[in-house]
1. Given N residues in the stretch 200-269, what is its alpha carbon radius of gyration divided by 2.2 N^0.38 Å?
2. Return the subset of Lys82/Lys144; Lys42/Lys144; Lys167/Lys192 for which the Cα-Cα distance in this structure is over 30 Å, preserving the input order.
3. What is the Cα centroid distance between the stretch 158-234 and the stretch 20-50, reported in whole angstrom?
4. So what are the radius of gyration and Dmax for the Cα set of the stretch 86-171, in Å?
5. Dipole of the stretch 52-152, Cα-centred, from +1 at each Lys and Arg C-beta and -1 at each Asp and Glu C-beta, to the nearest 20 debye?
6. Using helices alone, I'd like the mean residue ellipticity at 222 nm for the chain: each DSSP H run of four-plus residues gives -39500 (n - 2.57), total over residue count, nearest 500.
7. Could you compute the FRET efficiency for Ala40 and Ser75, with r as their C-beta to C-beta distance and R0 at 35 Å, rounded to 0.05?
8. Taking the Cβ of each residue in Tyr244, Tyr153, Tyr281 as the centre, tally the other Cβ atoms inside 10 Å and list the residues starting with the fewest.
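Bear in mind that the values in this text are calculations on the coordinates, not laboratory data. None of these values were measured; they are calculated from a predicted model. Positions of Cβ are generated from backbone atoms using ideal geometry, with glycine treated the same way; all protein chains shown enter the neighbour counts.
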Amino acid sequence: MEQKTRKKRKLGSYPFVSVTLSITLALFVIGLFGMLALHASKLTTVIQENIELQVFLNKQITSSEISKINRTIGSKPFVLKKDDAPVIRMVTKEEAAEQFIKDTGEDFTEFLGDNPLRDVLIVNINPGHQASDSLKMIKADIEKIGGVYEVSYVESLVESINENLTKIGLILVGFFLILLLVVVILINNTIKLALFSQRFLIRSMQLVGATAGFIRGPFLKRSVWYGLLAGTFASLMLFFLMTYANTRIEDLSQLQDIQSLAILFGSIIVLGMMVGFLSTYRAVRKYLKLSLDELY
């Protein structure tokens, strides 16, 4: 007598490869956008940290007076600080003349007989004080210091940078929310379709008296495990992609922060586990409530 063997279905089991691959790709896409957003944020910070004020000093000023002005400006809260040190650099009139001659090829000191340029302090401004009104107040504050001749900055450039950075930030947030919604829907539908083949097994368990919690348990545990694996795979793919990009794009690593990337990779893993758990819970709950006719 010919016997036909059929593979037994285990409660809570559904396609491993297809589900894990689908969730991994979905998490990889949102992780890739997250990496782009982190790089854009770091680039924004770099741009803002390079906004400078030029503080022109009086002629015939002594080195001690320059040091005093430097310390006075450096103590102000609007000055950018790195490693607890104010970011201020000195450009002497001799250095400025040398650079001018190098750029233009003309030595203006030959026909003027003197160097009309002034010593300049280049002051980097903290990003939190770069609004137009703040910069005007900073300019007036520095010009009150004794020995300061004039304070200058390109006002139109600063306003343009601030406006563009604000627009880019809003666009990135909008894209991220849309992409997150798409990824959640994609993972939800993937798990829902995977559980479709288990609907009659769920019904059979109900008929033998199994409680809803007993039926849901194996599915939820497996969904968390699949989400953990998918998040880990997506994070590894992003890490290798980032490593490859660093070898191809010069100075790209300077825009990367290890702590932020670690938070991103951890968030991807947690997102995979959470979405997998919630999607599985909703799908199993739906099949538990369907009648036999509706299951068909």
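1. Values: Rg = 20.5 Å, N = 70, 2.2 N^0.38 = 11.1 Å.
Against the empirical 2.2 N^0.38 Å value, I get 1.85 for the stretch 200-269.
2. Lys42/Lys144; Lys167/Lys192
3. Centre-to-centre (Cα) distance: 19 Å.
4. Values for the stretch 86-171 (Cα only, Rg and Dmax): 16.9, 55 Å.
5. My answer is approximately 600 debye.
6. Mean residue ellipticity at 222 nm (helix-derived): -23000 deg cm²/dmol.
7. So, using R0 = 35 Å, E works out to roughly 0.60.
8. Values: Tyr244 10, Tyr153 18, Tyr281 15.
Listing Tyr244, Tyr153, Tyr281 from fewest to most nearby Cβ atoms yields Tyr244, Tyr281, Tyr153.
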